[in-house]
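Visitor: One structure is given below, represented as structure tokens, and several questions about it will come after.
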Amino acid sequence: MQRISSGRDMTPNLEVTIGSLRLKNPVMTASGTFGYGEEYAEFMDLNALGAIVVKGLSLKPKEGNPPPRIVETASGMLNSIGLQNIGIERFIHDKLPFLRRFDTPVVVNFFGDSVDEYAAATARLDGIDGIHALEMNISCPNKQAGWAVFGTDPKVTCEVVGAVRKRTSLPLIVKLSPNVTDIALMARVAEDSGADALSLINTLTGMAIDIRTRRPKLANIRGGLSGPAIKPVAIRMIYDVFRAVKIPIIGMGGIMNAGDALEFMMAGASAVAVGTANFINPRTAVEVVAGLATFMEREQVKEIRSLTGAAHAG
């Protein structure tokens, strides 16, 4: 761990880089939990964030799944929103102008039903003023493969990441599915196919049952589990992936405070994303930034990036 020399008063440096993307601090928002940014602007200064990751976008607007779509669980929540979104065109024309006001990079999360849709979405987003990086969600069903999930098949992952890589020069972040046997293998495939960085973990598949009605609580039966309940799984997966790849990792999965964020970084994350906590306390992300700075001052850590992978030392 790098420490400040005694007798010197130095401000901790929270700056990190994700590929060619430079962030003023390592705290981002997780896609799907922060809307398109404007929804949270009344609660915080968006300039205080490392990056804003917007709600996942598709080529055309998507209505999502029928309600009920969210269920509270022990130490977390299940969601089956179904990737409801306004579509890429409306985002560019209606939402992006607001985000351009801020000195905070915008990362656009996107998805598709097929390799061709991923490629077309990438081509439309590439070169748009105000979009600084792309995060492709490969935890989506693949129409071309009988609705298998892109991120659970190494061959399909290689194909879709490679197709997207050819259509953009922007930093490309691949968001991995944790619902696999070997997360390190999928990480290596994404890296070899052109990913500049990885984000993990996405939600774990789960469900809940109403014992009164004896029926699943979600209309879609299954949903994605997030929140503190998945944090130990997320940290273990990041620890494993850090050993398997050379590209940066953005860690997420139950981060509620700066202490949680530090665990993710020490496991191997270069940056972190706050997700479910935004629904509980909309100021969580900026409070995590402040908490990281406080920790660094107390522990005399000069550079936040020196903490990445600290748990692997020795």
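Visitor: Taking the convex hull of the Cα atoms, report for the chain its projected area averaged over all directions, in nm².
Guide: For the chain, averaging the hull's shadow over all directions gives 16.4 nm².
Visitor: If each residue of separation counts as 0.36 nm, what is the full-extension length gain between ILE211 and ASP126 once their alpha-carbon separation is subtracted?
Guide: Working: separation 85, 0.36 × 85 = 30.60 nm, distance 4.83 nm.
That pair, ILE211 and ASP126, stretches by 25.8 nm at full extension.
Visitor: Quote the Stokes-Einstein diffusion coefficient, in whole µm² s⁻¹, for region 38-165, based on the Kirkwood radius over alpha carbon pairs, a temperature of 25 °C and a viscosity of 0.890 mPa s.
Guide: On the way: Rh = 15.9 Å.
Roughly 154 µm²/s, to the nearest whole number.
Visitor: Taking the Cα atoms only, what angle lies between the long axis of helix 231-244 and the longest principal axis of the chain, rounded to 10 degrees?
Guide: 80
Visitor: Now a separate question. Using the beta-carbon distance between ALA184 and PHE279 and R0 = 35 Å, what value does 1/(1 + (r/R0)^6) give for FRET efficiency, to the nearest 0.05?
Guide: On the way: r = 31 Å, r/R0 = 0.87.
So the FRET efficiency works out to roughly 0.70.
Visitor: Moving on. Measure nothing fancy, just the Cα-based angle from helix 154-165's long axis to the longest principal axis of the chain, in degrees from 0 to 90, nearest 10.
Guide: 70
Visitor: Can you compute 3J(HN,Hα) from phi for each residue in region 110-127, using the Karplus curve 6.51 cos²θ - 1.76 cosθ + 1.60 with θ = phi - 60°, rounded to whole Hz and x for Gly and Pro?
Guide: Each residue's phi maps through the Karplus curve to give 8, 7, x, 8, 8, 4, 4, 5, 4, 5, 5, 5, 4, 4, 6, 7, 5, x Hz.
Visitor: Taking the convex hull of the alpha carbon atoms in region 122-224, what volume per residue do you get, in Å³?
Guide: Numbers: hull volume 13.2 nm³, N = 103.
Taking the convex hull of the Cα positions in region 122-224, it is 128 Å³ per residue.
Visitor: Relative to the first principal axis of the alpha-carbon coordinates of the chain, what is the inclination of helix 284-299, with its axis defined by its Cα atoms, in degrees from 0 to 90 and to the nearest 10?
Guide: 30
Visitor: Also, quick follow-up: If each residue of separation counts as 0.36 nm, what is the full-extension length gain between ALA244 and ARG100 once their alpha-carbon separation is subtracted? If you can, show how the numbers build up before the last one.
Guide: Numbers: separation 144, 0.36 × 144 = 51.84 nm, distance 3.60 nm.
Extra length available between ALA244 and ARG100 comes to 48.2 nm.
Visitor: In what order do MET10, MET136, MET237, MET266 fall by count of nearby beta-carbon atoms within 10 Å, going from fewest to most? Each step should come with its number before you reach the end.
Guide: Numbers: MET10 11, MET136 29, MET237 24, MET266 21.
Ordered by Cβ neighbours within 10 Å, fewest first: MET10, MET266, MET237, MET136.
Visitor: If you don't mind, another one. For SER169 and ASP116, calculate 0.36 nm times their separation in residues minus their Cα-Cα distance, and state this gained length in nm to one decimal. Kindly include the intermediate steps, with their values, before the conclusion.
Guide: Details: separation 53, 0.36 × 53 = 19.08 nm, distance 1.79 nm.
Extra length available between SER169 and ASP116 comes to 17.3 nm.
Visitor: Can you flag which of LYS24/LYS55; LYS246/LYS302; LYS175/LYS246; LYS95/LYS246 are past 26 Å Cα-Cα?
Guide: LYS95/LYS246
Visitor: How large is the charge dipole for the chain, taken about the Cα centre, if only the Cβ atoms of Lys, Arg (+1) and Asp, Glu (-1) carry charge, to the nearest 20 debye? Can you show the working numbers first?
Guide: On the way: 33 positive and 31 negative charges, 99 e Å.
With Lys and Arg at +1 and Asp and Glu at -1, about 480 debye.
Visitor: Sticking with this one: Positive end of the charge dipole of the chain (Lys, Arg +1 and Asp, Glu -1 on Cβ, about the Cα centre): tell me which of GLY37, PHE91, LEU185 has its Cα farthest that way.
Guide: LEU185
Visitor: Another question, if that's okay. Kindly work out what percent of the DSSP beta bridges joining two residues of region 120-214 are antiparallel, to the nearest 5. The partial results should precede the final answer.
Guide: Details: 2 of 9 bridges.
About 20 percent, rounded to the nearest 5.
No value in this document is a laboratory result; all are computed from the given coordinates. Note that the structure is predicted; figures quoted are calculated from it, not measured. Cβ coordinates were reconstructed from backbone atoms using ideal geometry, including for glycine residues, and neighbour counts include every protein chain displayed.
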